[in-house]
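Here the structure comes first, spelled out in structure tokens, and everything after it is commentary.
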Amino acid sequence: MKIVRASNDDINIILDMKMEMFKEVGSISLLQDNAYEKIKQAYLTLYKEDKCCHFIIYEENRVVAIAGAVIKEDIPFCFFKTPYYGYVMDVYCIPERRRNGFATLATREVLKWLEKRGVHSIKLKPSNEGRMMYEKLGFSNSGEMEKFI
């Protein structure tokens, strides 16, 4: 097993895994037309600005898991003394290798990256399956609410 920080050359690997995740949770239909290319361009821009990173876990030269994070600077956080926060995203492990700690390992790497970037607050939107993992990593319910219309 090896873990590597993704580079621009790895974006397609990240996006392929991200699309599998969207399919698996049943939200692929929510994506815009040409979403793959739009996300790719956004990630490449964020990588260049060092505001996004992903880690990839390989097992026997096969990608088994990924995790990513992005620095967000939206309202109201952009007015705080630390005007940004971290957002964990794209945490995915292939189904046949789940429950082996790969997603946790990749997520820990993005948490270290966020800490090095000076982030004081980290958010994420967990799946039901991932909630326990995030709790073990120290995340708690922030009390945010959401309404779908």
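The values are calculated or read from the model by the stated rules, or taken from the named source; none is laboratory data. Predicted, not measured: the structure shown is a model, and the values here were computed from it. Backbone-built Cβ (ideal geometry, glycine too); neighbour counts: all protein chains shown.
Quick notes
- Some residue of the stretch 105-117 being out of contact with any strand residue (DSSP E or B) (no Cβ under 8 Å at 6 or more places or on another chain) and either at pLDDT below 95 or not charged (D, E, K, R) (or both): no
- Count of residues meeting criterion [surrounded by 14 or more Cβ atoms within 10 Å (Cβ to Cβ), more than 20 Å from Ile57 (Cα to Cα) and of a type in the set (D, E, K, R)] in the stretch 101-149: 2
- Residue within the stretch 62-70 that is within 19 Å of Ile13 (Cα to Cα), out of contact with any strand residue (DSSP E or B) (no Cβ under 6 Å at 6 or more places or on another chain) and not β-branched (Val, Ile, Thr) present: yes
- A residue that is in a helix (DSSP H, G or I), modelled with pLDDT under 95 and in contact with a strand residue (DSSP E or B) (Cβ under 7 Å, 6 or more places away or on another chain) cannot be found anywhere in the stretch 132-142.
- Any hit, the stretch 37-55, residues being at pLDDT below 95, out of contact with any Gly (no Cβ under 8 Å at 6 or more places or on another chain) and either exposed (fewer than 11 other Cβ atoms within 10 Å of the Cβ) or within 24 Å of Gly138 (Cβ to Cβ) (or both): no
- Looking only at the stretch 4-36, and only at residues there that are of a type in the set (Val, Ile, Thr) and surrounded by 16 or more Cβ atoms within 10 Å (Cβ to Cβ), the one that is farthest from Arg108 (Cα to Cα): Ile11
- With respect to the conditions (1) assigned to a helix (DSSP H, G or I); (2) under 25 Å from Phe22 (Cβ atoms); (3) within 17 Å of the chain's Cα centre (by Cα), Pro126 falls short on a single one, namely (1).
- Tabulated pairs, the stretch 73-100, first in contact (Cβ under 8 Å) with a residue 24 or more places away in the chain and within 22 Å of Tyr43 (Cα to Cα), second outside any loop (DSSP other than H, G, I, E, B) and of a type in the set (S, T, N, Q), C-beta under 7 angstrom, 6+ apart or interchain: Val88/Thr107; Val91/Thr107
- Residues in the stretch 113-123 that are hydrophobic (A, V, I, L, M, F, W, C) and either part of a loop (DSSP other than H, G, I, E, B) or touching a Pro at 6+ places or on another chain (Cβ under 7 Å) (or both): Val119 only.
- Taking the stretch 1-12 as the range and being modelled with pLDDT of 95 or more, over 13 Å from the mean Cα position of the chain (by Cα) and not in a helix (DSSP H, G or I) as the test, the residues that pass are Lys2, Ile3, Val4, Ser7.
- Listed by first and then second residue, the pairs with beta-carbon distance under 7 Å, at least 6 apart or on different chains, first residue in the stretch 10-27 and over 15 Å from Ile39 (Cα atoms), second surrounded by fewer than 16 Cβ atoms within 10 Å (Cβ to Cβ) and of a type outside the set (Phe, Trp, Tyr), are Val25/Ser127.
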